[in-house]
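These notes concern the structure reproduced below.
The values are calculated or read from the model by the stated rules, or taken from the named source; none is laboratory data. Remember, predicted model here, so these are calculated numbers, not experimental data. Cβ: placed from backbone, ideal geometry, glycine included. Neighbour counts: every protein chain shown.
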Amino acid sequence: MSNNHIGLLEAVHSGDSERVINLLQAGCEQSIIDSALCWASRYGNQEILELLLRAGGDVNGEVWGGFTPLIWAAMYCSNAEVIQILLQAGSHIDRASGRYRQTALHAAVIRGHVGYTSLLLEAGAHPDVQDRMFKTPLLHAVHKHHPACAALLIKFNCNVDMSGWVSGLSTTPLTLALIQGDLEITKMLLLAGARFHNPAIYHSYTITQYYKTVKDDLDIDVQPVYLQQQCRVCIRQLLKPHFLQKLRELTLPQPLKAFIEISELDLINQAM
């Protein structure tokens, strides 16, 4: 590797934008520019990021395990503007990493970053994308105890029943929330119409325990709520794709719109 190539990465690490300009003018290989772009995205250095993009950096270039600049930014960056710039520059929002098959949305949710989760969902990220272990962003949010991220994913009409592998066992978000004793997320999932099924996956958690948790700890009468939630699920499914956009365009009575939006999620943090 030439001194110019080593120097460019060093300049990005140190945040030296003037040196980056000089080295780019002297000439660098495409692979080094792409690597530098990933590092600039990780550090959240907006000025250097824009310099590298103008120099021809590949916004969808994959380095070190197949991570794109957008995934790196979602994993580590503290500057939301960087994610906006990458998206505007043409980042493939649902591009998955090479090894773990995780997207930027997976990364934001695993990190518990509500702002990035919201930004990516608003930009069109697929809420139900699965990684190598078939885990959706929602399943990660439940596993990592990130209720605010879970609420956002539910509002964006994710599939609340998609299963994935956690600790060597296949499970749904609802089963995992029950096992972990997370009443806040359990209530969210029940409001969103999640079904308790395949209880044999966890032999230690029975259908009897499920009803006890729902009725005694959450004070929910299971049968009426189940029917109501399945009605809501059916309506939300009919509005796919572009669920939120269609919902915003519909002229509906406010109680009906609140019902379809699952507005109760906004009150859970205050009530629990």
Quiz item: When the stretch 76-126 is examined, which residues are found to be over 20 Å from GLN245 (Cα atoms), aliphatic (A, V, I, L, M) and over 11 Å from the mean Cα position of the chain (by Cα)?
Solution: ALA80, VAL82, ILE83, ILE85, LEU86, ALA89, ALA96
Self-check item: Breaking point among (1) surrounded by 12 or more Cβ atoms within 10 Å (Cβ to Cβ); (2) in a helix (DSSP H, G or I); (3) aliphatic (A, V, I, L, M); (4) at pLDDT below 90, for ILE220
Solution: (2)
Practice problem: Quickly run through the stretch 44-58 and pick out the residues that are surrounded by fewer than 24 Cβ atoms within 10 Å (Cβ to Cβ), closer than 14 Å to LEU8 by Cβ and within 24 Å of the chain's Cα centre (by Cα). | Solution: ASN45
Exercise. Considering each residue of the stretch 140-169, count those that are of a type in the set (Gly, Ala, Ser) and within 19 Å of SER118 (Cβ to Cβ), and give that number.
Key: 4
Exercise. Starting from the stretch 51-75, keep only residues that are touching a residue at least 12 places away in the same chain (Cβ under 8 Å), then list their pairs with residues that are among the aromatic types (Phe, Trp, Tyr) whose Cβ atoms are within a distance under 6 Å, requiring at least 6 positions of separation or different chains.
Key: ALA74/TYR116
Quiz item: Is the stretch 15-28 home to any residue that is among the polar types (S, T, N, Q) and either touching a Lys or Arg at 6+ places or on another chain (Cβ under 9 Å) or under 30 Å from LEU139 (Cβ atoms) (or both)?
Solution: no
Quiz item: Do we find that LEU120 is modelled with pLDDT of 95 or more, over 20 Å from SER41 (Cβ atoms), assigned to a helix (DSSP H, G or I) and out of contact with any strand residue (DSSP E or B) (no Cβ under 8 Å at 6 or more places or on another chain) in this structure?
Solution: no
Quiz item: Taking the stated definitions as given, is GLY61 farther than 25 Å from GLY112 by Cβ, surrounded by fewer than 24 Cβ atoms within 10 Å (Cβ to Cβ) and touching a Cys at 6+ places or on another chain (Cβ under 8 Å)?
Solution: yes
Quiz item: When you go through CYS38, CYS28 one by one, which is the residue that is within 20 Å of the chain's Cα centre (by Cα), within 20 Å of ILE6 (Cβ to Cβ) and surrounded by 21 or more Cβ atoms within 10 Å (Cβ to Cβ)?
Solution: CYS38
Quiz item: Considering the stretch 128-176 alone, what residues qualify as being outside any helix (DSSP H, G or I), aliphatic (A, V, I, L, M) and touching an Asp or Glu at 6+ places or on another chain (Cβ under 9 Å)?
Solution: VAL129, MET162
